Amino acid sequence: MEFNYKQHPGRRLINRKVHIDGEPLVSIITPYYNAQKYFRETFNSVLNQTFPYFEWIIVNDGSTDEDDVKQLLELAEKDPRIKVYHKENGGIATARNLAIEKSTTDIIIPLDADDLIEPTFVECVYWSLYANPEASWSYANVVGFFHQEYLWNKSFIAKQMKEENLLTCTAGIRKKDLLEVGCYDELEKHYNEDWVLWLKLLAKGKYPVHMNWYGLWYRRTEEGVLNIVESNEDINKRAKKIIQEAAAKVDDKIEAIEFPRYRIGEFEKPRKWEWERKPILGDEKIKVLMLIPHMEMGGADVFNLDLVSRINKEEFEMSVIMTNPGNSTWRQKFEEHVVDIFDLTTFLDIKDWSAFIHYFIKSRGIDIVLISNSYYGYYLVPWLRKEFPDIGIIDYVHMEEWYWRAGGYARTSGVAGDIIERTYVCNEHLRELMIEKFHRKPEDVKTVYIGVDEKEFHAEGIDRGRVKKELGIQEGRPVILYPCRIHPQKRPFLMMEIAKEIKKEIPDIVFWVVGDGPELPDLEEAVRKNNLTGTVYLLGRQQDMKRYYRDSDVTLICSIKEGLSLTAYESLSMGVPVVSSDVGGQRELIDERVGRLVQVLQDERKDFDKREYSREEVRRYVDAILDILRDEDGYEEMKEECRRRIEERFTKEKMVKELEKEFKEIKGGRGKERRQKVWEAVQMLPNLVDDYCTLFCEYEAMNVLYNRNHKIIQYLKDVLSFRKSLKDIVKDFYKYQNKYFIAKYKQRISISKFGFMFRVFGKCFRRQ
């Protein structure tokens, strides 16, 4: 994971208008001793919190610098939630204990005066403890920064805690548990107060929640406590003795609650959250909540990042909730533009997700929910309409994937199509498919091209030949760029066959394979066996693609399936012609003026994973590439047309402006009457939505949990495609006494209710 240690949460104070009503729910406590040097950054990180219902108790532990104390008091005056107490110097433990005594809430968060917390830290702590009332404290992974830089992520093991402190001092701790164990040890200044505290809690049988994300920044300085402890033999000896005494009382079998706690196909009945306070955000901006799977490095993720980074921040407030376990490689990129970012998989069991989303919509005053490749988001659609009659519910679909859930998110969008008021797609081809195959109304589906940043992807200012020089490739050798994930969908072994054939006619041809993926090891072996080592260069994943486009002559995209390739956008923007398979929406971008399209002769479904290809198809790619390379007069004109096409129709600015316009229309009342009608429909029977969610979840789970030939699968296909009458459906429904599936419905769905579900949601249950 790439990580920027300079992008810490205290570097700036985020300007957000918030309502702070009601009593605090969390107490942050900070011992302060001559901490002026770093305290302003800590101050920023606390005041940036997305959860404003906290009090911050700072105990000045006898600071000797008058200017230092003056700064503390000046900062404290800036916010009424800050309370400052003064005492004679007595050490960290005494200062923290005084702060605990002065606190008025049930949750305590110790925070040192030089450490930092991410903007959502307090909110995640609060929710993780709310959702797990049996747990005593909640902590997150740690970023070590300043003089030492590292990422600290270790699972909690009680036995290991006896030998090594796996935690820092910063965590959300229940006050009653602190009081039960006597808070922090004041008798000895051994500088391990927090470690001893964790051991005392464990000795009482109490255990933590481990939030699996980097929420705390721990400053490592040369004069820090850890260095003091490590360099002083007497302190070390006292600390070791006290720790051993505390550790002896700990049961090795104690375990923490670890995340992710995610179970495919086991979405539980959605639950709401009773929120009585005013919305946190106090401005008039249009508030959009994006439900996305993760923050990785794919096409959908690029769209999500482009939207939150480019949207007008003066008019829109974006929030992001993730619903799939992942590495969140791009999280820091999102954090540059969005404050409210929550990865539910890292701090909540899936049973609690719906309650958090319900709370979030109410606490932020959300106007629009945008679903972008979040399967859980689609699952919640009817329930969200039931709970929130006024908000707009929309989605963006990137591609049909027949090999995943019989159509991927395109089909899933169609399932809830009567409730989703508008679906945006990345090309006209997909729009037609949504209408014809997944039964959406034409007026409910709109094409918004994703586009490319034409200012970033521009050949000007990038020296040609730099990559060639780095790789030791002679100037003048033609380069074919193959930029993609090394996956069966992209047909990397077809690329290799094309390279073999072109090499026969242009011996000095070069292929650059830029990307990573599951097929890469096999591709490496195939390149070696086919003696293509000096022709096909496997360069792995690269951050700066512009350099590779600049040194390339043609970009090759030979995928068996695409929506509308982002690499095609980027290539054309850089003035590089594209030879692409004629799939998805590629022909909406590519024609003979900017490249070539090649018909796919391989059967998409039968031969998806096969590595044997029609010689005719290979030859067509070869001819297309040669046709471009050998047309010296037309090549320069083609390059200019590539760039022109992007500027005229396919820029990210156009995409964002189009979506901004749509958001404003929804906020202004478009679709209000329709939303009201759907809301009235789902109110007619109290358990209608619950049953919809149950069917949706259980049916989708079948593809994972059962063989496709199982009789229940065929039965469900018949049900959801209306091949059976309602009477037969209900009859069969009780006939198959499947323990996992049918038993759940026997007591929940009556014949009349089941029929009503079909009438209300109609094609929502249709599957092709």
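Some observations on this one:
- Mean Cβ neighbour count within 10 Å, used as a protection proxy, ranking 447-457, 344-354, 267-277 highest first: 344-354, 447-457, 267-277
- For the chain, the spherically averaged projection of the C-alpha convex hull amounts to 37.0 nm².
- Residue among Leu626, Tyr549, Val59 farthest towards the positive dipole end of the chain, charges placed on Cβ: Leu626
- Note on Arg11 and Thr329: with the Förster distance fixed at 25 Å, the Cβ-Cβ geometry gives a FRET efficiency of about 0.75.
- Simple spin-label estimate for Lys175 and Asp283 gives 3.4 nm between the two label positions (7 Å along the Cα-to-Cβ direction from each Cα).
- Sorting 536-547, 11-22, 377-388 by average packing, meaning the other beta carbons within 10 Å per residue, from highest down gives 377-388, 536-547, 11-22.
- Taking Cα atoms only, the orientation of helix 632-649 departs from the longest principal axis of the chain by about 50 degrees.
- Cα gyration tensor shape of region 286-451, rounded if a/c is under 1.5, else prolate or oblate by comparing a/b with b/c: rounded
- Sorting Trp330, Trp679, Trp127, Trp404 by the number of Cβ atoms found within 10 Å of their own Cβ, with the fewest placed first, yields Trp404, Trp679, Trp330, Trp127.
- Taking every lysine pair in region 466-650 that is 8 or more places apart or spans two chains, those with Cα atoms closer than 16 Å amount to 10.
- Shown is the FRET efficiency for Glu149 and Arg670, computed with R0 = 45 Å from the Cβ-Cβ distance and rounded to the nearest 0.05: 0.35.
- Straightening the chain between Asp234 and Lys78 buys 51.9 nm, computed as 0.36 nm per residue apart minus the Cα-Cα spacing.
- Efficiency of FRET between Lys657 and Leu601 - r from beta-carbon atoms, R0 41 angstrom, step 0.05: 0.55
- Size of electric dipole in the chain: Cβ of Lys, Arg +1 and of Asp, Glu -1, about Cα centre, debye, nearest 20: 3220 debye
- Summing Cβ point charges (Lys, Arg +1; Asp, Glu -1) relative to the Cα centre of region 466-650 gives a dipole of roughly 480 debye.
- Three-way shape label, region 426-497, alpha-carbon gyration tensor, a/c 1.5: oblate
- Prolate/oblate/rounded call for region 466-650, Cα gyration tensor, a/c under 1.5 rounded: rounded
- Cα centroid separation, region 276-333 to region 1-61: 22 Å.
- Within the chain, helix-based [θ] at 222 nm, where runs of 4 or more DSSP H residues each add -39,500 (n - 2.57), nearest 500: -11500 deg cm²/dmol
- Computed extension gain for Glu255 through Thr104, at 0.36 nm per residue and net of the alpha carbon distance, reaches 51.4 nm.
- The angle between the Cα long axis of helix 751-761 and the longest principal axis of the Cα atoms of the chain comes to about 70 degrees, rounded to the nearest 10.
- Selection from Trp152, Tyr32, His86, by position along the positive dipole direction of region 26-257 (Cβ): Trp152
- Each residue in Tyr569, Tyr33 was given a count of other beta-carbon atoms within 10 angstrom of its own, and listing them fewest first yields Tyr33, Tyr569.
- Counting only DSSP beta bridges whose two residues both lie in the chain, roughly 15 percent are antiparallel.
- Principal-axis tilt of helix 492-505 within the chain, Cα atoms, nearest 10 degrees: 50 degrees
- Per-selection metrics, region 419-569 (Cα): Rg and Dmax in Å: 18.6, 58
- Positive-end residue, region 332-414 charge dipole about Cα centroid, Cβ charges, pick of Ile341, Ile361, Trp404: Trp404
- Under 15 Å of direct C-alpha separation, and excluding same-chain neighbours fewer than eight residues apart, Lys204 reaches these aspartates and glutamates: Glu134, Asp177, Glu180, Glu245, Asp251, Asp252, Glu255.
- For the chain: relative contact order, % (alpha-carbon pairs under 8 angstrom, 6 or more apart): 10 percent
Coordinate-derived values only; no laboratory data. None of these values were measured; they are calculated from a predicted model. Quick reminder, even Gly has a Cβ in these numbers, built from the backbone with ideal geometry, and neighbours come from all protein chains shown.
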